[in-house]
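Data block below; observations after.
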Amino acid sequence: MKKIILLFSFVILTFSFYSDSYSNNLKISNYTVSGQLTSAQTLYLKIENISWDNSWRNDIPGPGFSVPNNYDAVWIFAKFRKRGTSDWLPMKFSPQVSDHIIPLNSEIKTYQDSMGVMLYRKSNGTGTFSAINTLLKWRYAGYLSNTDTIDVKLFGIEMVYVPQGSFYVGDYTPSNVTGQFVSNDNVSPYQITSENSITLGGNGVNNLKSRNNQGMSTADDFTDAQTQTLPQTFPKGYNDFFAMKYEVSMDAYVDFLNCLSETQANSRYPASAFGFERFNIEKVGNTYRTPSPDRAVNMMAWSDCAAYLDWTGLRPFTELEYEKMCRGPLTVVSNEYAWGNTNVVQIVNYSGVDSLGTVLPLPDSANCQYNLVDGGMSQFIQGPVRVGIFATANSNRTKAGASYYGIMELSGNTWERPVTVGNSTGRQFINIHGNGLLTANGDADVQTWPGVNSVGSGFRGGNWFRGTLRLRVADRFYANTPLDNRTSHRGIRGVRAN
């Protein structure tokens, strides 16, 4: 996540800005304000350049049209603070596309909640992408007068578009069974073909089952003998959405902490963990900083994850959406990892400078950060590594450790934290995004999300501390295990419904 801080005054419109070091080479630079209309209390936030490497689009028929028929994007959102106050509030951009001025090579998607915009390529293409002179319209009526002075922080998160469509969940593996989803025959993967409600358990021809909870740490509340209903409102992954391309980095989490009140930040910062198993965020005075900006953040409890996603205007994803993100529309490969096969090479070291974003994996063939001894201390790197570390401009899906759609590290590095189908609290989850605000104590305030006790959440995809069984796309060993304590192998990722 990237930010630039602007300090500007309405009417006079003088400003200065300060930039931070950025991860994954997403750059958002040179801002100003223009077109202030005092009668309507609107203005444009002008962004001179938004650029990032390894961008793509391949979903438009014609030259460049190819699988996976999707594209990457940047989620752009902003916070403002009136001078003399301490609270950073969400800057709500117009939900009308026509209100914004967009470069000819770009498109944006706006949202009715006005929490941000999604910017992406207009045409098929690959490589470094730059959007020059993007103007986003903000109506400040109700928040400020025409002569107030404010501070602004602008952020960007790289995202990947996951198209609408059918897909499979589960695995037909006969061994190492851990609650994998299956169809009514208890063998075949289950196909999700709509967002309609689903009967869980039982023996109906269209029911979704989980092998009677065999091998799970915490059992689902449905079995062959006991059914439950997964409501239509629960996001199943059939509808399209955007997913974070990378796990949240240390730098992104520092940006988050530095926008909170002291009380909120104290709740969201694991102070005693600094320096432990590669958690590298420190507090100096009242400011948070990190010398490892591109490293995946760890030591995250569910409440930290939910708070961050609420603040960014995103939401948690469900465990069905997780399998869609990994596998796409392809048929199931038994025991596959997020990159679609069972080929895995552990990273044992790295080269480069951690603070400069130049870290590369050793050996060159490595595609995952995991542990050879499940649950034991790794003999190599004892903690998470740089987000996107295995991907290069020329790497294939397996070498990059990428999902079907181009999402990185869905197997390994840090745990994914999806919402479970395995209990009633999880099944109450609906498609509501964060509102950019937290409670006074620093918790998420979205009522339909799993709460601070983490009931309704689980774990998927493995991490640096676990072995290959937990890396599997279909593995559900911890899918219904609610834990809200902080450990060094738990991170953050979120989505935004389209």
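Annotations
- Applying the set (1) assigned to a loop (DSSP other than H, G, I, E, B); (2) without any contact (Cβ under 8 Å) to a residue 12 or more places away in the chain; (3) within 30 Å of N146 (Cβ to Cβ) to S66 leaves exactly one unmet item: (3).
- Pairs, first under 17 Å from K92 (Cβ atoms) and of a type in the set (A, V, I, L, M, F, W, C) in the stretch 31-44, second at pLDDT below 90 and part of a strand (DSSP E or B), C-beta under 6 Å, six or more apart: V33/F8; L43/V33
- Residue, surrounded by the fewest Cβ atoms within 10 Å (Cβ to Cβ), within the stretch 467-482, restricted to residues that are in a loop (DSSP other than H, G, I, E, B) and among the β-branched types (V, I, T): T481
- Condition check for K3: over 28 Å from R289 (Cβ atoms) and modelled with pLDDT of 50 or more: no
- Members of the stretch 216-270 found to be among the aromatic types (F, W, Y) and more than 23 Å from G165 (Cβ to Cβ), listed by number: F222, Y246, Y253, F256, Y269
- Annotation: of all residues in the stretch 169-190 being under 19 Å from G340 (Cα atoms) and in contact with a strand residue (DSSP E or B) (Cβ under 7 Å, 6 or more places away or on another chain), the one that is surrounded by the most Cβ atoms within 10 Å (Cβ to Cβ) is V169.
- Candidates in the stretch 64-85 are the residues that are of a type in the set (A, V, I, L, M) and crowded, with 22+ Cβ neighbours inside 10 Å; of these, the one that is farthest from K109 (Cα to Cα) is A78.
- Which listed residue is surrounded by 14 or more Cβ atoms within 10 Å (Cβ to Cβ) and either assigned by TED's automatic domain parsing to the domain that holds M115 or without any contact (Cβ under 8 Å) to a residue 12 or more places away in the chain (or both), from S395, S454: S395
- Just one of (1) touching a Lys or Arg at 6+ places or on another chain (Cβ under 9 Å); (2) part of a loop (DSSP other than H, G, I, E, B); (3) surrounded by 13 or more Cβ atoms within 10 Å (Cβ to Cβ) fails for T126. It is (2).
- Strands (runs of 3 or more DSSP E) (entirely within the stretch 161-248) containing at least 2 residues that are in the same structural domain as G340 (by TED's automatic domain parsing) and not aromatic (F, W, Y): 190-192, 198-200, 228-230, 241-244
- Tally, over the stretch 434-466, of residues that are touching a strand residue (DSSP E or B) at 6+ places or on another chain (Cβ under 7 Å), among the charged types (D, E, K, R) and part of a loop (DSSP other than H, G, I, E, B): 1
The values are calculated or read from the model by the stated rules, or taken from the named source; none is laboratory data. As the structure is a prediction and not an experimental result, all values here were calculated from the model. Virtual Cβ from ideal backbone geometry, glycine too; neighbours counted across all protein chains shown.
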